[in-house]
């Protein structure tokens, strides 16, 4: 116990909060006890956080018992009740996936109010079960690494503890806990691994099999970290950041060795879409084969809205099954929700022209009409600078070598068929002079759970 208490003290600073995920089971009960011991010397605040998943009849009573326990020990107690089954059905998730999403969403909301760390009761048996689960799903090295003890903002202080050690320590120190009967059900794959598979492996080999599974994952993690570093270098050498997304040099990809090649594709998925979730190793192998063949015009879909197109010299990430067209009248002034983000229009005072590619200033007195945020239409044109005439948008696409697949959904700021702004690429009106009624329009894109300026 002392070693774990010291480990927690080492990780958490005095001005940080320790948010303990308290399910009420033996692992979380022991974790709360150890964290409170660490806080006595470390002088940091401790919060207990309990999510009631609404899956068991006794869940409400357990929640109230935990609340009373924490109040008696003057530990701030945060709880929330959710309908996990309904959430899972609505979002097409397993109960385990739904529970994890809801749980971390709840814990993260507390973290925003009380900055610090989220502490969970994952232990050595959990790690072995996770590794086996990933193995049977065909995961690569990254999946076989399991889950780390430190993964900011999450700490897992019990990673060196086995389940039997946790139960024995709770018994010796009279630490009360609940037994979740649903953990006994073999319907869930993880429970089957826990109650059926691992006992078979321990019986066939010995009780040290869990340790050896975890030790193997640690060796895999070292190798994967080394290869990941090489892949990041290769990605940086191959990537070009386009206005709409990223492209990767085709010849550089073909020259990569398979372990680096596959990781570069995973990095590209994370950069473009914010996540590589649910992309399988089999899909990566199929994508690599298609890229190696290099047939221009070929498309590959990882899912409905995640894919890429092979061009003559590069692959273009972010190409979905269907490019959507749109035409939306902007609120002036105000915010307008548009595909993938928000456009903000506001009155402003004269200043030097913004160098931001995703902000434009317009002399509204010269327009005095509705302004639209839309995709291309037949006959679109814009004025050339210094009264040099007009130019058709189609000609602009060709001159600027904009790939065909990017043109259909490229956002434009327009009045009727006149283009004011090819967003992120070209401002087609002069900057307002002093005294003009200046309208400033800014584009914010939302993607991957975060926001960034630009398209």
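The values are calculated or read from the model by the stated rules, or taken from the named source; none is laboratory data. Keep in mind that this is a model prediction, so the values were computed, not measured. Every residue, glycine among them, receives a Cβ derived from its backbone with ideal geometry; neighbour counts consider all protein chains shown.
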Can you give me the number of residues within the range 257-289 that are without any contact (Cβ under 8 Å) to a residue 40 or more places away in the chain and more than 23 Å from residue 236 (Cβ to Cβ)? 6
Of the residues in the range 184-193, those that are exposed (fewer than 14 other Cβ atoms within 10 Å of the Cβ) and either in contact with a helix residue (DSSP H, G or I) (Cβ under 6 Å, 6 or more places away or on another chain) or over 18 Å from residue 167 (Cβ atoms) (or both) come to 185, 186, 187
Could you please find all residues in the range 124-157 being outside any strand (DSSP E or B), at pLDDT below 95 and over 24 Å from residue 280 (Cβ atoms)? 124, 125, 149, 152, 153
Which pairs do you get when a residue that is free of Cβ contacts under 8 Å to residues at least 40 places away in the same chain, found in the range 188-202, comes within reach of a residue that is assigned to a helix (DSSP H, G or I) and exposed (fewer than 15 other Cβ atoms within 10 Å of the Cβ), reach meaning Cβ atoms under 9 angstrom, with the pair 6+ apart or on two chains? 191/182; 191/183; 191/184; 195/183; 195/184
Scan the range 158-173 and give yes if some residue there is out of contact with any strand residue (DSSP E or B) (no Cβ under 6 Å at 6 or more places or on another chain), in the same structural domain as residue 129 (by TED's automatic domain parsing), over 21 Å from residue 211 (Cβ atoms) and not in a helix (DSSP H, G or I), otherwise no. yes
Unique residue being under 28 Å from the mean Cα position of the chain (by Cα) and assigned to a loop (DSSP other than H, G, I, E, B) when the list is 31, 51, 102, 55: 55
Has the range 399-419 got at least one residue that is in contact with a helix residue (DSSP H, G or I) (Cβ under 7 Å, 6 or more places away or on another chain), more than 25 Å from residue 299 (Cβ to Cβ) and not in a helix (DSSP H, G or I)? yes
Mind checking which residues of the range 35-63 are farther than 19 Å from residue 104 by Cα and out of contact with any strand residue (DSSP E or B) (no Cβ under 9 Å at 6 or more places or on another chain)? 37, 40, 41, 43, 56, 57, 58, 61
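Yes or no, residue by residue, for (1) touching a residue at least 24 places away in the same chain (Cβ under 8 Å); (2) surrounded by 20 or more Cβ atoms within 10 Å (Cβ to Cβ); (3) not assigned by TED's automatic domain parsing to the domain that holds residue 154:
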| site | (1), (2), (3) |
| --- | --- |
| 8 | yes, yes, no |
| 21 | yes, yes, no |
| 41 | yes, no, no |
| 46 | yes, yes, no |
| 49 | yes, yes, no |
| 57 | no, no, no |
| 61 | no, no, no |
| 64 | no, no, no |
| 67 | no, no, no |
Scan the range 109-117 and give yes if some residue there is touching a helix residue (DSSP H, G or I) at 6+ places or on another chain (Cβ under 9 Å) and buried (at least 19 other Cβ atoms within 10 Å of the Cβ), otherwise no. yes
Please report, ordered by residue number, the helices (runs of 4 or more DSSP H) entirely within the range 221-312 with at least 1 residues that are under 23 Å from the mean Cα position of the chain (by Cα) and closer than 30 Å to residue 149 by Cβ. 258-273, 281-293
